[in-house]
Amino acid sequence: MAIRNTKQDAANTAVRALLTAKGETYLGEKYTKGSKMWADILDDFFYKCAYCEKELYEREEIEMEHLIMLNKEDVGLHHPGNTVPICKACNKRGRIKIYYTWQEHLAQRCSDSATRKQLEEKIKKQLAYYNYKELDEETKKEISLMSITKAEQHLKDIIKPTVETNHRVLWKEIKSSYNGKCAFCNGSGELYKVMIKECNQTEFGTRCYCNHVPACEKCKKREVKEVTTFYSWEKQLEYVCRSKGEEKNFERRRQIILDHVKKYGYQKILEESKEEIKNLAKDLYITVSKVVKDSIRKI
């Protein structure tokens, strides 16, 4: 993690988000560690690291490696043709301000020339099988020079918002799945959209419908009185059920919410992305604080 965060760090994060969106746009669908394509790639590599052939038994050991990296120098895309499974030990190929290519990194991680040649051919087949095509040089150059503002604009151009009428239909469907009642206390009345995973640096929830449930006026705010630390939606639900003397309903209501998350396909943010978001938040906080202080001095 960087000790000091700069505007350039924020721009790099925005560019990575842009390259992820571009890759998924070309692919025509979301591509995550939970997708079938990634599962197929793991099978193709026999659950072994693409660089050192270490057996990857545990899910926590498996890293998704971008062969052509998602940065302003290499300008790779987030695409199945550009990803292979590797172990945590092989998930570093940077040196001071310069990155090795995947071929150079493979040479460092695999000393046996015959094995290295076999692995290199396997990786090249991976690129070809999923029809991965690099961006043209002009586009690469444009992305390399992007500021955070330009990258954000390109993201807006790629990710088109859904039609508002569809939002209303979807929200009506979600409320109907809860029988028009609060997801926490099962009460009737006016219902509000509340997040299951909060949009903060503790839970990293995202603003999408699969992360919203209906809640009444009282339950829309998490108000567990006996704790001072942050609490989850499950703690909130447990508190509501207990305060109403309905402990027996806790598991049933909890399962309804979990089924909701599963049905609408909520995608969790990866741990490495969380660190990037935290860094970006710190950088923005420092920048905004400085602007405010400078403005106050001028008053």
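Spin-label pair TYR192-LYS117: with each label point 7 Å from Cα along the Cα-Cβ axis, the two points sit 6.8 nm from one another.
If R0 equals 22 Å, the separation of the Cβ atoms of GLU29 and TYR129 corresponds to a calculated FRET efficiency of about 0.85. Ligands, DNA and RNA left out, the accessible area of segment 12-91 computed with a 1.4 Å probe is 51% carbon and sulfur. Consider a paramagnetic label point 7 Å from the Cα of GLU246 along Cα→Cβ; state which residues of segment 168-187 have an amide N under 20 Å from it. Those under the cut-off are 174-187.
Calculate, for SER177 and ALA39, the FRET efficiency according to 1/(1 + (r/R0)^6) with r their C-beta to C-beta distance and R0 22 Å; round to the nearest 0.05. Don't skip to the answer; put the middle values down first.
Numbers: r = 28 Å, r/R0 = 1.29.
It comes out at approximately 0.20.
Phi angles of segment 52-62 translate, via the Karplus equation with coefficients 6.51, -1.76, 1.60 and θ = phi - 60°, into HN-Hα couplings of 10, 6, 5, 5, 10, 6, 8, 4, 5, 7, 8 Hz per residue; Gly and Pro are given as x. What is the calculated FRET efficiency for LYS263 to LYS88, with r their C-beta to C-beta distance and R₀ = 35 Å, to the nearest 0.05? So the FRET efficiency works out to roughly 0.60.
Please state the shape class of segment 70-130: rounded when a/c is under 1.5, otherwise prolate if a/b exceeds b/c and oblate if not, all from the C-alpha gyration tensor.
Details: a/c = 1.89, a/b = 1.09, b/c = 1.73.
The shape class here is oblate.
The values are calculated or read from the model by the stated rules, or taken from the named source; none is laboratory data. Quick caveat, the model's predicted, so the values are computed rather than measured. Every residue, glycine as well, gets a Cβ built from its backbone with ideal geometry; the counts of neighbours run over all protein chains shown. In case anyone asks, the SASA skips ligands and DNA or RNA and just uses the protein heavy atoms, side chains included. Shrake-Rupley method; radii C 1.70, N 1.55, O 1.52, S 1.80 Å.
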